[in-house]
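**Student:** Right, I'll just put the structure down here and ask away after.
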Amino acid sequence: MNAWDANCHFCGSNAQSRMRRGDCSEIECPRCGKFEITWEAGVDSRLTPEMRRNVSGWVRDRNREGVVPRITTDALRRMASLPLPSVAARAERLLSEALRGQDRLDGRIDLGEPRFIAATYSWDHAEMMVLYQLLRERGWMVRMMDQGPKAGITAEGYMAADELAAERGRSEEVFVAMSFSSAMTSAYETGLQVGIERAGYAPVRVDRTEHVNRIDDEIVARIRRSAFVVADFTEQKSGVYFEAGFALGLNLPVIWNCRKDDIYNLHFDVRQYNCIVWKDENDLARRLQLRIEATVGRGPRATEM
């Protein structure tokens, strides 16, 4: 696929552009990262400087999750209301971005690379360096002068990064894959949601979540952030099979469910798993809670219940 030089829509850096499907282009920017953008979003005149900065950081966040986001005018409208991450969170993003591509503990990091500006939601290099100074004061990064003015991550910084990763790994979110038909509303609100919450976790249904991603990108990102996935195959929706399979590929636990009158319609590849076969919503809530506690353990919210 041919590529050509173009200015990034958000930071103005020299970027590579490729045509995708329809009116959509793929942009690879050294500052923002990789994203797709529709023609309409690309010429949107309502973008403020604050929105451009936030979009740049948001794209970097999605890229770290393995997602190439698709930006539409609707996504831009929603992004306008996104809050700026806290100073501490922005400093932690700098540490996380500095770790990318490091294959040695004593590696040197060139903080002049434009990706660090986007990763920290900074206006420019000078503002990003304030966050770097914060990491230096914490003892997590240090200036290395032997090979020019580059930075290094200290032993304390590597340990802090491990602790932050472990904390993120203790997610309280549980992705729920299921049919979104009106006939399944009660199964979710009285069964799945109740069972998950009683076990100490927060259920996430992508159709009830505010987001700015293309829906399939949001699904992938949410599954990656989840402690495990609850998949209910009642009504046999193909998306549920995909989402459960994607979770398995990430080595995430999947808890399988299906209403009793639909169990014999399960695809044969799924029948090998120990599926909760439920008869009504109360039965589903009770058995799901017990299954979660037995296989995954009580969640971070359990003490609040």
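This table checks each residue for (1) closer than 20 Å to E197 by Cα; (2) in contact with a strand residue (DSSP E or B) (Cβ under 7 Å, 6 or more places away or on another chain); (3) free of Cβ contacts under 8 Å to residues at least 12 places away in the same chain.
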site	(1), (2), (3)
E243	no, yes, no
L250	no, no, no
V254	yes, yes, no
Y264	no, no, yes
R271	no, no, yes
I276	yes, yes, no
N282	yes, no, no
R291	yes, yes, no
P300	yes, no, no
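**Student:** Among the residues of the stretch 105-126, write down those that are open to solvent by 60 Å² or more (accessible area, probe 1.4 Å), under 25 Å from the mean Cα position of the chain (by Cα) and free of Cβ contacts under 8 Å to residues at least 40 places away in the same chain.
**Tutor:** Filtering the stretch 105-126 for residues open to solvent by 60 Å² or more (accessible area, probe 1.4 Å) gives 105-106, 108, 110, 113, 123-126.
In the following step, the residues that additionally are under 25 Å from the mean Cα position of the chain (by Cα) were identified as 113, 123-124.
Answer for the stretch 105-126, where residues must be open to solvent by 60 Å² or more (accessible area, probe 1.4 Å), under 25 Å from the mean Cα position of the chain (by Cα) and free of Cβ contacts under 8 Å to residues at least 40 places away in the same chain: just D124.
**Student:** Across the stretch 29-60, which residue is nearest to S96 (Cα to Cα) among those that are of a type in the set (D, E) and surrounded by fewer than 18 Cβ atoms within 10 Å (Cβ to Cβ)? Write out each step before concluding.
**Tutor:** Taking the stretch 29-60 and keeping what is of a type in the set (D, E), we get 36, 40, 44, 50.
Remaining after also requiring surrounded by fewer than 18 Cβ atoms within 10 Å (Cβ to Cβ): 40, 44, 50.
Details: E40: 33, D44: 31, E50: 23 Å.
Restricting to residues being of a type in the set (D, E) and surrounded by fewer than 18 Cβ atoms within 10 Å (Cβ to Cβ), the top hit is E50.
**Student:** Pick out the one residue from E197, E218, E210 that is modelled with pLDDT of 85 or more, over 23 Å from V270 (Cα atoms) and charged (D, E, K, R).
**Tutor:** E197
**Student:** Also, I was wondering about something else. Name the single residue that is most open to solvent (accessible area, probe 1.4 Å) among those in the stretch 221-247 being modelled with pLDDT of 85 or more and of a type in the set (A, V, I, L, M).
**Tutor:** Going through the qualifying residues, I end up with A227.
**Student:** From the set of residues in the stretch 1-28 that are of a type in the set (S, T, N, Q) and closer than 27 Å to T120 by Cβ, which is surrounded by the most Cβ atoms within 10 Å (Cβ to Cβ)?
**Tutor:** In the first step, residues of the stretch 1-28 are kept if they are of a type in the set (S, T, N, Q); the result is 2, 7, 13-14, 16-17, 25.
Add one more test, that the residue is closer than 27 Å to T120 by Cβ, and what stays is 7, 13-14, 16-17, 25.
Working: N7: 13, S13: 16, N14: 11, Q16: 15, S17: 20, S25: 18.
For the stretch 1-28, the residue satisfying everything is S17.
**Student:** Still on this model: Identify the residue in the stretch 63-91 that is modelled with pLDDT of 90 or more and surrounded by 15 or more Cβ atoms within 10 Å (Cβ to Cβ) and, among all such residues, is farthest from A155 (Cα to Cα).
**Tutor:** From the stretch 63-91, those modelled with pLDDT of 90 or more are 87, 90-91; that's our starting set.
Now drop any that are not surrounded by 15 or more Cβ atoms within 10 Å (Cβ to Cβ), which leaves 90-91.
Details: R90: 20, A91: 17 Å.
Filtering first and then ranking leaves R90.
The values are calculated or read from the model by the stated rules, or taken from the named source; none is laboratory data. This structure is a prediction, so every number in the text was calculated from the model and none was measured. Ideal geometry is used to build each Cβ from the backbone, glycine not excepted, and the neighbour counts take in all protein chains shown. Accessible surface areas use protein heavy atoms only, side chains included; no ligands, DNA or RNA. Shrake-Rupley method; radii C 1.70, N 1.55, O 1.52, S 1.80 Å.
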